[in-house]
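A.B. asks: Encoded as structure tokens, here's the structure I'll be asking about.
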Amino acid sequence: MTKKPNPLDSISISGPIPAHLARAVIEETLRTAILDGRLPAGIALRQQDLADLFGVSRMPVREALRQLEAQSLLKVVQNKGAVVAPLIDYDAFETYALRLLLEPAALRLSIPLLDSEDIALARTYIASLELETDHAEIGRLNRLFHMALYHKAPNRKLLDLIELELNQEERFLRFHLSSMGLGKLTQTDHIEMVDAAQDKDIERAVQVLERHLGNASAVIGGYLQRLVEK
Ligand code: NI
């Protein structure tokens, strides 16, 4: 009888891990293995197996799994425990579809109320995005830029919903940006959008925003499609 291959065999540990680094090492090791596909979607990660593998107690394992769950790389499934989340995140499509409904509405309401300080702030985010290379930071700056243009919309619930979607995008970009190449294209849109907002040209700003979100959705859709075909 052949033994069923264990995906954890693909993970090699070099020497004992100092206790104070255990959580970080486990988290980083598992994250890398999930993102490069050695731990495929749907695999259940048992705390005791991981504790044995890393030669640590279950406590740092539990903490590392919690971190990975917060990053949407793991999902907790009843009776199975922590399971590697599906790579194809249909949420990403839904996020863009919802953003296309919500953000133009907020932009329309916000533009008439934006003052020169708001415009200047939005431009500082564009400038920071130009220099930034860290993916987590790019996601954060993109969210702040968009919110700078929408935040005067006198509808707190609408803005809360948008922020929720932008947070999801931020998490997605954090892990996938390097493989997608969204970079400069989006910056051109950002500049055009802020110029239109400054001119109080609502229709042009909305048009650019819709194109911006449509392009991002298409790029992410193509990227996810290539992942399925791999
Ligand atoms: Ni953007």
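A.B. asks: Which condition number in (1) within 12 Å of the ligand (Cβ to nearest atom); (2) under 28 Å from SER72 (Cβ atoms); (3) at pLDDT 85 or above is the one that LEU182 fails?
C.D. replies: (3)
To keep it simple, each residue is scored yes or no on (1) of a type in the set (Lys, Arg); (2) free of Cβ contacts under 8 Å to residues at least 24 places away in the same chain; (3) within 28 Å of TYR223 (Cα to Cα).
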position: SER12; (1), (2), (3): no, yes, no
position: GLN47; (1), (2), (3): no, no, no
position: LYS80; (1), (2), (3): yes, no, no
position: ILE111; (1), (2), (3): no, no, no
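A.B. asks: Go through region 100-143 and count every residue that is more than 16 Å from the chain's Cα centre (by Cα), more than 16 Å from the ligand (Cβ to nearest atom) and acidic (Asp, Glu).
C.D. replies: Residues in region 100-143 being more than 16 Å from the chain's Cα centre (by Cα), more than 16 Å from the ligand (Cβ to nearest atom) and acidic (Asp, Glu): 3 in total.
A.B. asks: Could you look through region 29-78, keep only residues that are among the β-branched types (Val, Ile, Thr) and in a loop (DSSP other than H, G, I, E, B), and pick out the one that is nearest to LEU224 (Cα to Cα)?
C.D. replies: Here the residue is ILE43.
A.B. asks: For ILE17, only one of the following conditions fails: (1) outside any loop (DSSP other than H, G, I, E, B); (2) at pLDDT below 95; (3) buried (at least 18 other Cβ atoms within 10 Å of the Cβ). What is its number?
C.D. replies: Just one mismatch for ILE17, condition (1).
A.B. asks: Here is a list: ALA148, ALA105, ALA120, ALA127. Which entry is of a type in the set (Gly, Ala, Ser), buried (at least 20 other Cβ atoms within 10 Å of the Cβ) and modelled with pLDDT of 90 or more?
C.D. replies: None of the other options fit; the residue is ALA148.
The values are calculated or read from the model by the stated rules, or taken from the named source; none is laboratory data. No experiment lies behind these values; they were computed from the predicted model shown. With ideal geometry, Cβ positions are generated from the backbone for all residues, glycine too; neighbour counts draw on all protein chains shown.
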